[in-house]
Amino acid sequence: MSINEIKTTVFGFMGTQPTRLGQPGSTPVCSFRLGSTPAYYDAAAGVWKRKSTTWLTVKAFRTLAVNALVCLHKGDPVIVSGSLVTEEWTSDGQPHSSLVLVADGIGHDLARGQDTFTRNQSGVVPIDEEADGPDPWTTPLSSSSSETGSAPASSVSSAADRTSVKNSNAG
């Protein structure tokens, strides 16, 4: 971590489907929009009230980008932790800037549902740009179970390679 770096964690919902950025052979990068809508309980009215939604662009790199493209979908509740940075550019002679959350970690919010974790096969990740092997941009992404409806029995890995997390939300 560098000096004066802003580290933060944001709970929210995927506002867009993650998209690939960059070219084949380059460092894998993906981007998506994350919406976070705070809510509070108004005891006098007896109802929950929502505040305005804050939108951020999230960028993920390398292995995190490849896994995000496979696992995340528009509308998913997620938790993103990372560094808040300002991206600046010039368009038509006008300066522009935008806040971007550069993700260190992304996960589904288990307070809102259930998920299954599957470890990466050894040799597939982590991605090392200097190493020989398949380029993640040219290697087809595997389908996630949410895209295909359910995982076929042949795709289920051993208990040592897979950790199931079930949420029994009693609150």
Check your understanding: Is it fair to say Trp48 is outside any helix (DSSP H, G or I), over 13 Å from Gly12 (Cα atoms) and out of contact with any helix residue (DSSP H, G or I) (no Cβ under 7 Å at 6 or more places or on another chain)?
Key -> yes
Review point. Pairs, please: C-beta under 8 Å, at least 6 apart or cross-chain, first residue closer than 14 Å to Thr63 by Cα and in the stretch 16-38, second in a strand (DSSP E or B) and basic (Lys, Arg)?
Key: Leu21/Lys59; Pro28/Arg20; Val29/Arg20; Val29/Lys59; Cys30/Arg20; Cys30/Lys59; Ser31/Lys59
Review point. Within the stretch 75-86, is there a residue that is open to solvent by 60 Å² or more (accessible area, probe 1.4 Å) and either of a type in the set (Phe, Trp, Tyr) or more than 18 Å from the chain's Cα centre (by Cα) (or both)?
Key: yes
**Study point:** Any hit, the stretch 41-48, residues being surrounded by 11 or more Cβ atoms within 10 Å (Cβ to Cβ) and β-branched (Val, Ile, Thr)
**Key:** no
Review point. Within the stretch 87-112, can you find the residues that are in contact with a Pro (Cβ under 9 Å, 6 or more places away or on another chain), open to solvent by 40 Å² or more (accessible area, probe 1.4 Å) and among the charged types (D, E, K, R)?
Key: Glu88, Arg112
**Study point:** Selection status of Ser26, part of a loop (DSSP other than H, G, I, E, B), of a type in the set (Ser, Thr, Tyr) and open to solvent by less than 80 Å² (accessible area, probe 1.4 Å)
**Key:** yes
Review point. So, of the residues in the stretch 60-74 that are more than 26 Å from Ile3 (Cα to Cα) and touching a residue at least 60 places away in the same chain (Cβ under 8 Å), which turns out to be surrounded by the most Cβ atoms within 10 Å (Cβ to Cβ)?
Key: Val66
Point to revise | Residue that is surrounded by the fewest Cβ atoms within 10 Å (Cβ to Cβ), among those in the stretch 29-40 that are farther than 12 Å from Gly15 by Cα and not small (Gly, Ala, Ser) | key: Tyr40
Exercise for review: Take Thr57 and decide whether it is in contact with a strand residue (DSSP E or B) (Cβ under 6 Å, 6 or more places away or on another chain), open to solvent by less than 80 Å² (accessible area, probe 1.4 Å) and part of a strand (DSSP E or B).
Suggested key: yes
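The values are calculated or read from the model by the stated rules, or taken from the named source; none is laboratory data. Nothing here was measured: the structure is a model prediction, and the numbers come from that model. We place every Cβ from the backbone using ideal geometry, glycine too, and count neighbours over all the protein chains shown. Quick note on the areas: whole protein, heavy atoms, side chains included, nothing else; ligands and nucleic acids left out. Shrake-Rupley method; radii C 1.70, N 1.55, O 1.52, S 1.80 Å.
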